[in-house]
2 protein chains.
Amino acid sequence: MIDAKNVEGLAGIVAGQTAISTVGKEGVGLTYRGYSVEDLAREATFEEVAYLLIDGALPSRTQLEDYRHKLMSLRTLPDKLKTVLEQLPAGTHPMDVLRTGCSALGAFEPESAARGQVDIADRLLALFPSILLYWLHFQNNGARIDTASDAPGTAWHFLELLGGEAPSDLDERALDVALILYAEHEFNASTFTCRTIASTLADFYSAVTGGIGALRGPLHGGANESAMQLMQKFHTPDQAEQGLLEMLARKDLIMGFGHRVYKSSDPRSEVIKPWANKLAEAHADQCLMPVAERLEAVMRREKNIFPNLDFYSAPLFHFLDIPTSLFTPLFVIARITGWSAHIFEQRAHNRLIRPTAEYIGPPPRPFVPLAKR
Amino acid sequence: MIDAKNVEGLAGIVAGQTAISTVGKEGVGLTYRGYSVEDLAREATFEEVAYLLIDGALPSRTQLEDYRHKLMSLRTLPDKLKTVLEQLPAGTHPMDVLRTGCSALGAFEPESAARGQVDIADRLLALFPSILLYWLHFQNNGARIDTASDAPGTAWHFLELLGGEAPSDLDERALDVALILYAEHEFNASTFTCRTIASTLADFYSAVTGGIGALRGPLHGGANESAMQLMQKFHTPDQAEQGLLEMLARKDLIMGFGHRVYKSSDPRSEVIKPWANKLAEAHADQCLMPVAERLEAVMRREKNIFPNLDFYSAPLFHFLDIPTSLFTPLFVIARITGWSAHIFEQRAHNRLIRPTAEYIGPPPRPFVPLAKR
């Protein structure tokens, strides 16, 4: 056994093997199945990446077309799931909507010999935008939208359901790239949660429902929402610099910077920032990106810390007219691909994940009967 | 970093500190907050144990009465939650019902400054029997039962909702003891799941929903259902011996035996077995316990392995006329106390739980455009 003080949070502890991705591996960086995330973000679409993660290899043209058609066919919500979603009040955290929707789907379409893990992975990938935006429109204006669509990809489907019309090529591709970058990231807290749940041989939905819960936390997926809230506090770069310095002096937690594994930069940030800039230009933004860039500069200068993926995802999503409360749900819509691949992998080489603890509580003591307390 | 082969499943890895329980600690055994589980099962009630786990100290008489009254006041389901439960089909796995019910409650009664973690822990403890049995009666015969009750404890409330009448003293106390034994068990897979989710600073419901998912698996909470199914295959001890030997020859997985942490016996099994025997006597059982005891004897002789808590809990629950599909949900109803204590503890000394992995996938490779695949 290792001294517990060294492993709080399991930092640096190898908890298993994976063939899915490398994160910050020296000289390799972030790769999915051996392909660099930079290449994938530049040359592939999200559906190719989803196929790659789940299947292990890039699809041929025919395989990709079949895959897109399969996903298209899976976008309709069961009626009972609609009824469940309609019960969730307008003020509900959208992550609670996805968590409850995923759990309920496990009751309507349980895993079985006839409905295997690949089918469920595809169904969840296709259905999460439908769950989220059906609920949103119903709570916003009582509309029961039709989530069926022949949109070619997830980014398109999401933006079409959100805004009611087909997105521009630029908007669609910007979101597609963000989904690629969010798709997979080794043994992060939500993926590790999925694997721990899967290690008890629980069903697929249980594992994913747990992953959604873990991703909801501000130290994980919730960071992009916090980054947006930070940027929106300020109207000019100078204001941002002053405000941030005050927050640092108060030792406030600043979200969207640094990473447990990356020590000098997040390769995903380098990819997402130019896309945020393209959208800023298209929207003639004079405020949000200048503020964000000043926040980055001050954090580098004062804390020697770099922005992570969540930081520039925030303005990118904002320029796409995506409400801030949907930022973390978008992370789910992308990450279901990585989670699925990890659940498959855990199941294929399973051992129950059950660590132990260092006991620091009271020593053995005699019971005191109620009458003597 | 440690060689990944040594830590698959994190076996023997200390993942943090706890003041809540010891499991199999040499010379100490299983203790909750320093009290031996044998003393607690003999002298305390489940509500005293729940209070002990959550508060850290045994309650005074007044504190216990207040606690019982608080739990009594929290047994009524919100109407919208009833509607959600009514959507879940009759064939739904009852663990999916609890998982979905818990997640949905997080939308109706979200964690907030006004509704803190202790209130939510109490609410879930009070409400899980209501969620489960409201759904069961609705799906079995369309009845919308009233789950409000002034039953003094959880065991009584559960048995009353299940059978429609107050339980006998023997039945009530037998279930109470089982709940005490199931209440807490250090960093098992579901508790570790709760802590991992809580470590992202996600809300309380997310952590518990994940815990339910992990507990659902047959390598964890699902073991008591599997043990029951095994026992019911046989009508005589000799038949059981022959059948078990055949299963062992086929290398079938036999549930309800052995444990990741305990190496020579499970102290909870020593406590639960006499209670199973008392109920067997009250029911003039000539079959189930003799079969179970022969299975135990054969497993000890052939595999040198001991029954764990799940093994004799199975006949105990069965004698209480509890359907087998509710065995694992009963585990949730008890373990919510331990989970809650661990979520409090994780939050009080938080560090994000994020291990790393050994990469065994393809080496870096160049991207191949779609046209060339």
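The values are calculated or read from the model by the stated rules, or taken from the named source; none is laboratory data. Every value quoted in this text rests on a predicted model; they were computed, and no experiment measured them. Cβ coordinates were reconstructed from backbone atoms using ideal geometry, including for glycine residues, and neighbour counts include every protein chain displayed. When the accessible area is computed, the model is the full protein with side chains, heavy atoms only, and any ligands, DNA or RNA have been set aside. Shrake-Rupley method; radii C 1.70, N 1.55, O 1.52, S 1.80 Å.
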Requested in this report: Assign one of three labels to chain B, namely rounded, prolate or oblate, based on the Cα gyration tensor with a ≥ b ≥ c the square roots of its eigenvalues; rounded applies when a/c is under 1.5, prolate when it is not and a/b is larger than b/c, and oblate otherwise.
Outcome: rounded
Query - Solvent-accessible area buried by pairing B with A, both sides, nearest 100 square angstrom, 1.4 angstrom probe - result: 9200 Å²
Requested in this report: Please say if the stretch B:140-249 is rounded, prolate or oblate, where rounded means a/c under 1.5 for a ≥ b ≥ c the square roots of the C-alpha gyration tensor eigenvalues, and otherwise the choice is prolate for a/b larger than b/c and oblate otherwise?
Outcome: oblate
**Report entry** Equivalent ellipsoid semi-axes, the stretch A:181-233, via Cα gyration tensor eigenvalues times 5, rooted, Å
**Finding:** 26, 10, 8
Query - Backbone HN-Hα couplings from phi across the stretch A:11-24 [Karplus 6.51/-1.76/1.60, Hz, Gly and Pro as x] - result: 4, x, 7, 7, 9, x, 10, 8, 10, 8, 8, 10, 10, x
Query raised in the report: With +1 on each Lys and Arg Cβ and -1 on each Asp and Glu Cβ, how big is the dipole of chain A about its Cα centre, in debye rounded to the nearest 20?
Result: 1720 debye
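Which longest uninterrupted range of chain B lacks any GluC sites (Glu not before Pro) assigned by DSSP to a loop state (not H, G, I, E or B) and surrounded by at most 14 other Cβ atoms within 10 Å?
Details: sites that count: B:26, B:165.
Of all site-free stretches, the longest is B:166-373.
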Report summary line: Taking placed amide H atoms and a strict 5 Å upper bound, the residues 5 or more places from residue A:356 or on another chain that come that close are B:12, B:13, B:14, B:15
Report task. Please give the average number of partner chain Cβ atoms lying within 10 Å of the Cβ of each residue in A:186-194, rounded to a whole number. Result -> 6
Report task. Anything losing 10 Å² or more of accessible area from the isolated chain to the full protein assembly: pick those residues out of the stretch A:101-134, probe 1.4 Å, ligands and DNA/RNA ignored. Result -> A:103, A:104, A:106, A:107, A:108
Query raised in the report: Taking accessible area as the heavy-atom solvent-accessible surface of the protein chains with a 1.4 Å probe, which residues of the stretch A:254-282 lose no less than 20 Å² upon going from the isolated chain to the full protein assembly?
Result: A:260, A:261
Query raised in the report: What are the residues whose amide H is under 5 Å from the amide H of residue B:217, where those residues sit 5 or more places off or on another chain and H is modelled from the backbone?
Result: A:202, B:222
Report summary line: Share of accessible surface on carbon and sulfur in the stretch B:1-125, whole %, 1.4 Å probe and ligands ignored, is 49 percent
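In percent, how large is the relative contact order of chain B, given Cα pairs closer than 8 Å and 6 or more residues apart? All intermediate terms of the calculation are to be shown ahead of the outcome.
Details: 489 pairs, mean separation 81.2, N = 373.
With pairs under 8 Å counted, the relative contact order is 22 percent.
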Query - Inter-chain Cβ neighbour average for residues B:79-90, partner chain, 10 Å - result: 4
Query raised in the report: Where along chain B is the Cβ that lies nearest the axis linking it to chain A, and how many Å separate them?
Result: B:210, 2
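Can you list the trypsin sites (Lys or Arg not before Pro) in the stretch A:226-331 that are in a DSSP coil and have 14 or fewer other beta carbons within 10 angstrom?
Sites meeting the loop and neighbour criteria: A:233, A:250, A:251, A:263.
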Report summary line: Once the in-chain neighbours fewer than 8 apart are removed, the aspartates and glutamates whose Cα is under 18 Å from residue A:251 read A:241, A:296, A:302
Query - GNM top mover of B:215, B:53, B:253 - chain B, alpha-carbon springs below 10 Å - result: B:253
Report task. Give A:82/B:80; A:25/A:303; A:25/A:273; B:263/B:303; B:233/B:263; B:278/B:303 a once-over and call out the pairs whose C-alpha atoms are over 20 Å from each other. Result -> A:25/A:303; A:25/A:273; B:233/B:263; B:278/B:303
Requested in this report: First compute the accessible area of the stretch A:223-319 with a 1.4 Å probe, then give the percent of it belonging to carbon and sulfur atoms.
Outcome: 49 percent
Query raised in the report: When ligands, DNA and RNA are left out and all protein chains stay put, how many square angstrom of accessible area per residue does the protein assembly as shown have with a 1.4 Å probe?
Result: 35 Å²
Report summary line: Classified through the alpha carbon gyration tensor (a ≥ b ≥ c as square roots of its eigenvalues; rounded if a/c is under 1.5, else prolate when a/b is larger than b/c, else oblate), the protein assembly as shown comes out prolate
**Report entry** Rel. contact order, % - alpha carbon contacts under 8 angstrom, at least six apart, the stretch B:223-319
**Finding:** 46 percent
**Report entry** Shape parameters for the stretch B:223-319, alpha-carbon atoms, Rg then Dmax in Å
**Finding:** 12.4, 37
